[in-house]
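Just so you know, all these numbers are worked out from the coordinates, no wet-lab data involved. The structure displayed is predicted, hence computed values, not measured ones. Neighbour counts run over all protein chains shown; Cβ positions are idealised from the backbone, glycine included.
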Amino acid sequence: MLQPQISEINELRRRTEDAENRLRRNNLLFFGFSDDRAETWKQSEEHIIAFCSEKLEITIDPINIDRAHRIGAFQHNKDRPIVVRFSRFKERDAVLSACTKLKGTDFSVRQDVSRSVRMVQKRLLEFGKQQPLKYKLRHDKLIIGESVYVYDPACDGIVQLKSSKTGEASSSDC
């Protein structure tokens, strides 16, 4: 009797989640920068521009950064990440692609996604690390060779898609 309302609520959650992730599409999170309670948005932006130039060997024009600021409340023993919203997706993508140069450093950069997508990515990465082949994480999908895997909340497990084109789930291991 409540099934139509439950279905509608689930659809609204899915749409809200999709809208939130689309809003974050041009954002990147930068980790490893020492924090200061009095740091301004301008200083955060300057940190990122200098970092991209020195560590990633990419020149970022300040006009291509809509905003750059710390996330969360200041804590003496923990450095907050800097969230950067780029004006253009291509600029964000160029920075993200150059992050392979950060291997072995104290810095890291990742895409800004919603909490539920982060949880799904965590589960997919755990699954991927157990596989003998190399894998790639693409938003909420894990690609291993020609196979595509997704997290299925109905069974709280990872399922393989029949085809990356159809997006249909095959028989699951749930």
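Can you pull out the chymotrypsin sites (Phe, Trp or Tyr not before Pro) in segment 17-117 that DSSP calls coil and that have at most 13 other Cβ atoms within 10 Å? All intermediate terms of the calculation are to be shown ahead of the outcome.
Values: sites: 30, 31, 33, 41, 51, 74, 86, 89, 107; in loops: 33, 74, 107.
For chymotrypsin sites (Phe, Trp or Tyr not before Pro) across segment 17-117 that sit outside H, G, I, E and B with at most 13 neighbouring Cβ atoms in 10 Å, the list reads 74.
Under a GNM of the chain (C-alpha, springs under 10 Å), which listed residue has the highest mean-square fluctuation: 114, 34, 44?
Maximum fluctuation in the GNM of the chain, among the listed residues, is at 34.
Once you place label points 7 Å from the Cα toward the Cβ at residue 59 and residue 25, how far apart are they in nm?
The two pseudo-label positions are separated by 2.8 nm.
Where does each of 149, 135 land when they are ranked from fewest to most other beta-carbon atoms within 10 angstrom?
Details: 149 21, 135 17.
With the sparsest Cβ surroundings first, the list reads 135, 149.
Please work out whether segment 81-128 counts as rounded, prolate or oblate from its C-alpha gyration tensor, where a ≥ b ≥ c are the square roots of the eigenvalues and a/c under 1.5 means rounded, while otherwise a/b larger than b/c means prolate and anything else oblate?
Working: a/c = 1.96, a/b = 1.30, b/c = 1.51.
It is oblate, given that a/c is not under 1.5 and a/b is not larger than b/c.
Filter 103/129; 42/136; 42/78 down to the pairs with a C-alpha to C-alpha distance above 24 Å, please. Don't jump to the answer; show the numbers that get you there.
Values: 103/129 18 Å; 42/136 35 Å; 42/78 21 Å.
Over 24 Å apart, Cα to Cα: 42/136.
Hey, got a sec? Which trypsin sites (Lys or Arg not before Pro) in segment 1-41 land in a DSSP loop and have at most 14 other Cβ atoms within 10 Å? Intermediate values should be presented prior to the final figure.
Details: sites: 13, 14, 15, 22, 24, 25, 37; in loops: 24, 25, 37.
Passing both the DSSP loop test and the Cβ count: 25, 37.
Going by alpha carbons, how many degrees (0 to 90, nearest 10) lie between the helix axis of 115-129 and the longest principal axis of the chain?
Between the helix axis and the principal axis of the chain, the angle is about 80 degrees.
Between 131, 160, 43, which gets the highest mean-square fluctuation from a Gaussian network model of the chain, Cα cutoff 10 Å?
Looking only at 131, 160, 43, the biggest GNM fluctuation is shown by 131.
Pick the calculated Cα Rg over 2.2 N^0.38 Å for this structure from [x] 1.22; [y] 0.92; [z] 1.07?
Derived directly from the coordinates: [x].
Report the Cα centroid-to-centroid distance between segment 71-112 and segment 122-164 in angstrom, as an integer.
Value for the Cα centre distance between the two parts: 24 Å.
For segment 54-158, what does the relative contact order come out to in percent, with C-alpha contacts under 8 Å and a separation of six or more? Write out the running numbers ahead of the final one.
Values: 101 pairs, mean separation 17.2, N = 105.
Reported relative contact order: 16 percent.
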